[in-house]
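Comments concern the structure below.
The values are calculated or read from the model by the stated rules, or taken from the named source; none is laboratory data. Because the structure is predicted, anything quoted here is derived from the model rather than measured. All Cβ positions, even for glycine, are placed from backbone atoms using ideal geometry, and neighbour counts span all protein chains on display. The accessibility values were calculated without ligands, DNA or RNA, using every heavy atom of the protein model including side chains. Shrake-Rupley method; radii C 1.70, N 1.55, O 1.52, S 1.80 Å.
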Amino acid sequence: MKVLVTGATGFVGSHLAEQLINQNDQVFCLVRPTSNRRWLKHLPVKYIADTHPPDRPSVRAGLKEVITDMDYIYHLAGVIKAYSFEDYYRGNVQLTKDLIEAVTEAKPARLKRFLHLSTLAAAGPAESVSGINEETSCHPITDYGKTKLEAEEVLRNYFEMVPITILRPPPVYGPRDEGLLVYFQAVSYGLLPRFNHRRYVSIIYVRDLVNAMLKVVQHPRCSGGTYFVANEEPYALNTLSDIIKNAVCNSRGVCSLPLPDMLIKGLGTVFEAVSGIRGKVTIFNRQKALELTQDYWVCRTDKARKDWGLTTETPLEKGIRETAEWYRRNKWV
Ligand SMILES: NC(=O)c1ccc[n+]([C@@H]2O[C@H](COP(=O)([O-])OP(=O)(O)OC[C@H]3O[C@@H](n4cnc5c(N)ncnc54)[C@H](OP(=O)(O)O)[C@@H]3O)[C@@H](O)[C@H]2O)c1
């Protein structure tokens, strides 16, 4: 099968590209001149260069020719950290518009599915630990969530013309992830983050998410569907801290690091100011602090389990252990 992947140079996309190669697909990756291809170097993928300047990330005309031949398109490219709403908009909404317009112009006769990776952040936090489902109305609280929701809405206008499926994972963890890395690093320095005991999150291991993407595109009835994909049960953030501690420190002692909301918000402001001075976007800022101070980032996955048999097979302890081992091997912790 011929498969186009956007965002293949990133954390989730590189795992997807690896798995597609393993199943003998021909993989085409849309990359930018600035893209770091370190995770793809060992893979026989073909690159399609987006030659537009980084401030106008449109999909170039040549891409249309490539799209004509595709069996599957996985659209994972997106901006998860940025300085401004405009940056989020360009990377999440404009890029999605450009890509879907190229698809409708190319009219790929063999296209079986266009898979779009959205996020739980597009739907917003839940009001209780029982979580939200696909029927819950969306109320994103950050620029990231708002622009990912707008990208979904762009695609919904094409549901009649293109076989699109939207998946919304919660935070994804695993080898190569830089999002939860700081958590592992804090623990490796002997500091064990402690949150409000009510705080719960849904989460998914990157390989389970990749398997979910590969599975959902095989189910014809999921075309035009939007699904949450996550481990079945949410976890208390403090339980997550304990599991990370067991994976990173074994029996070594750690100090509790209480993180009241005031401190999290203060740290968000400081990180944002420092990142402004250094001219480097960091993963932590005031909006991430706002996310972290919500009690329930919890979604229910009954619909995905019923409609197309979502399974998430990696127990949290095993996934966290594999992630910690990878961080250690690569000297990230
Ligand atoms: N990681 C998570 O916890 C998580 C959770 C839920 C949903 N998601 C979604 O999963 C997708 C992948 O996330 P990730 O964690 O793998 O992110 P990542 O590591 O930051 O990778 C992002 C990818 O998108 C590409 N990209 C960004 N802006 C672009 C633009 N303007 N034009 C073209 N390509 C662009 C990047 O290319 P360059 O290499 O050129 O920068 C990179 O390949 C995103 O859509 C995200 O919203 C992630």
Requested in this report: Under 12 Å from the Cβ of Glu105, count the other residues' Cβ atoms, weight Lys and Arg +1, Asp and Glu -1, and hand me the total.
Outcome: -1
Query raised in the report: What percent antiparallel are the DSSP beta bridges of the chain, to the nearest 5?
Result: 5 percent
Report summary line: Taking only the alpha carbons of the stretch 177-333, the radius of gyration and the largest Cα-Cα distance, Dmax, both in angstrom, are 17.4, 52
Report summary line: Sorted on mean Cβ neighbours within 10 Å (highest first), peptides 75-84, 105-114 come out as 75-84, 105-114
Report task. Enumerate by residue number the trypsin sites (Lys or Arg not before Pro) in the stretch 236-333 meeting two conditions: DSSP loop (anything except H, G, I, E, B), and at most 13 other Cβ atoms within 10 Å of the site's Cβ. Result -> Arg252, Lys280, Lys331
Query raised in the report: Looking at the stretch 132-197, which GluC sites (Glu not before Pro) are DSSP coil and have at most 13 other C-beta atoms within 10 Å of their C-beta?
Result: Glu135, Glu160, Glu178
Query raised in the report: How big is the charge dipole of the stretch 25-170 about its Cα centre, in debye rounded to the nearest 20, if each Lys and Arg gets +1 on its Cβ and each Asp and Glu gets -1 on its Cβ?
Result: 640 debye
Query raised in the report: Within straight cross-link reach of Lys331, meaning Cα distance under 24 Å, which lysines are found once same-chain residues fewer than 8 apart are removed?
Result: Lys41, Lys81, Lys245, Lys280, Lys318
Query raised in the report: Which value, in debye to the nearest 20, gives the size of the charge dipole of the stretch 233-333 about its Cα centre, when Lys and Arg are +1 and Asp and Glu are -1 at the Cβ?
Result: 420 debye
Requested in this report: Loop only per DSSP, at most 10 neighbouring Cβ atoms within 10 Å: give me the chymotrypsin sites (Phe, Trp or Tyr not before Pro) in the stretch 134-206, ordered by residue number.
Outcome: none
Query raised in the report: What do the square roots of 5 times the Cα gyration tensor eigenvalues come to for the stretch 1-152, in whole Å, largest first, as semi-axes of the equivalent ellipsoid?
Result: 27, 18, 16
**Report entry** Compactness of the chain as Cα Rg over 2.2 N^0.38 Å, two decimals
**Finding:** 0.98
**Report entry** Cβ charges +1 (Lys, Arg) and -1 (Asp, Glu), total dipole of the chain, debye
**Finding:** 860 debye
Report task. Tally up the carbon and sulfur contribution to the accessible surface of the stretch 64-123 as a whole percent, 1.4 Å probe, everything protein left in place. Result -> 52 percent
Report task. On a 0 to 90° scale, report how tilted helix 316-329 is relative to the longest principal axis of the chain, with both axes built from alpha carbons and the result rounded to the nearest 10. Result -> 90 degrees
Report task. Pairs of Cα atoms under 8 Å, at least six residues apart: use those to get the relative contact order of the stretch 196-333, whole percent. Result -> 40 percent
Query raised in the report: Relative to the compact globular guide of 2.2 N^0.38 Å, what is the alpha carbon radius of gyration of the stretch 130-203, as a ratio?
Result: 1.49
Query raised in the report: Could you give the angle, 0 to 90 degrees to the nearest 10, between helix 237-249's Cα long axis and the longest principal axis of the Cα atoms of the chain?
Result: 80 degrees
